[in-house]
Every structure is written in structure tokens, then in C-alpha cells.
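**Q** One structure coming up, written as C-alpha cells, with questions to follow.
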Amino acid sequence: MDTFRASVTAVAVASAAVCLVESLVSGTRLRKQMKLLLDAVLAIVILIPFANGSIAFEMPEISDIPQPESNHALEIYNESLSRTAAENIGAVLYEQLGAAGISCGKLDIDVNILAEGSISISRVTVNADDFEAARDIIRNSLGSGTEVIDGSG
């Protein structure tokens, strides 16, 4: 710590000397030569502690850095993916029901993301004026194993 403090003090003194000399020779022909010389002195003052090895920076091993819980990020991703999939599937089902002439008030789609990453649609709650026809269209689109529940009552 003392070496670091001494290095910082040396850099501060050298910087002050550079500013002082530059202000004294600012109007003369030696200005450019003095600036070059003083910048070289400042660079040497900065590099001496590193060259002596008294100041060294060690990079930590990546395995030593604590990693955030990846389960939380995976849960957030899966929730977002489920929500987006439900919205997209709902839009398609609304179009299909509308094309069949069925008025649909509400669609609630339960989307599950399985461990291997596949999407499973387990249940659809529909509020439609013709529930049986809506159920048939939904099962034809999503598969016969999809549970379709009447949400009107």
C-alpha cells in the first residue's frame, strides 16, 4: 500500500510540474520541446512502479467469481416464452374461430415449457357463443389431447 501511495504522489507531483513548466514556457519557441520532454518524464514516473514489479494486478480466476443463480434466469425466460407462446397461439385461434363464424369473447391458454425445451398446451378455456364448434376447431388445431373448457359458465 505504501508503494502505491508513493507512486500516486510521484505522478501527482510530476503532473503539477508539467502544468507549471507548460504555463511558464507557453509563449516561447521551446514550448513543443518542453511538452515532449515533460510528457516523457510523466510516462516514466507512471511506468516505474510497474517495471519494478512493486505494483502488480492479478486477474481472478473465472471459477473464483461467484456466479448468479441460473435457475432464476431460466425461470424468467420460461415464463416469458410461455406468455409469448400463449399470445401467439391465442391470436391464431381467434383468427380460426372468426373464420368459422364463431364469436369468441375470451381465450385462456395454459402453456407449459417442459424440461427438454418443448412447449405443451395442456388446457384452453374458451368463452364462445358455439362452444362445441369452438372445441372442435381448437382440438383440430392443437391436438385431440388438449383439454378444452367452457369458460362461459
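The values are calculated or read from the model by the stated rules, or taken from the named source; none is laboratory data. All figures in this text were calculated on a predicted structure; none of them were measured in a lab. In this analysis, Cβ positions are derived from the backbone assuming ideal geometry, glycine residues included, and neighbour counts consider all displayed protein chains. Protein only, heavy atoms only, side chains kept; ligands, DNA and RNA dropped before computing areas. Shrake-Rupley method; radii C 1.70, N 1.55, O 1.52, S 1.80 Å.
**Q** Take peptides 13-20, 26-33, 110-117 and line them up by average Cβ neighbours within 10 Å, highest first, as a rough protection proxy.
**A** On the way: 13-20: 13.2, 26-33: 10.0, 110-117: 11.8.
Highest mean packing first, the order is 13-20, 110-117, 26-33.
**Q** Along Cα→Cβ, 7 Å out, is where each label goes; now give me the distance between the ones at Leu36 and Glu147 in nm to one decimal.
**A** It is 8.4 nm.
**Q** Separation between the Tyr77 and Ala100 pseudo-spin-labels, each 7 Å from Cα along Cα→Cβ, expressed in nm?
**A** Modelled inter-label distance: 3.6 nm.
**Q** Carbon and sulfur atoms: what percent of the 1.4 Å accessible area of the chain do they account for?
**A** Values: 6420 of 11080 Å².
Carbon plus sulfur share of accessible area: 58 percent.
**Q** To continue, here is another question. Please give the helix 31-52 orientation as an angle from the longest Cα principal axis of the chain, in degrees from 0 to 90, rounded to the nearest 10.
**A** Helix 31-52 and the main axis of the chain meet at about 70 degrees.
**Q** Now for a different question. Averaging sequence separations of C-alpha pairs under 8 Å and six or more residues apart, then dividing by the length of the chain, give the relative contact order as a whole percent. The partial results should precede the final answer.
**A** Working: 131 pairs, mean separation 21.6, N = 153.
Taking the mean separation of contacting Cα pairs over the length of the chain, I get 14 percent.
**Q** Now a separate question. Please give, to one decimal in nm, the separation of the simple spin-label points placed at Ala133 and Phe50, each 7 Å out from Cα toward the Cβ.
**A** Here the modelled spin labels are 7.8 nm apart.
**Q** At q = 0.13 Å⁻¹, what log₁₀ I(q)/I(0) does a Debye calculation on the Cα points of the chain give, no solvent, two decimals?
**A** -0.77
**Q** Separate question: Cα axis of helix 70-99 to longest principal axis of the chain: angle in degrees, 0 to 90, nearest 10?
**A** For 70-99 against the chain, the angle is about 40 degrees.
**Q** Heavy-atom accessible area per residue, the chain, 1.4 Å probe: how many Å²? Don't skip to the end; give the middle numbers.
**A** On the way: 11080 Å² over 153 residues.
Per-residue accessible area for the chain comes out at 72 Å².
**Q** A further question on this structure: Which value at 222 nm does the chain reach when only helices count, each DSSP H run of 4 or more adding -39,500 (n - 2.57), with the total divided by all residues and rounded to the nearest 500 deg cm²/dmol? Walk me through the numbers before you get to the answer.
**A** Values: 4 runs with 87 residues, N = 153.
So the helix-based figure for the chain works out to -20000 deg cm²/dmol.
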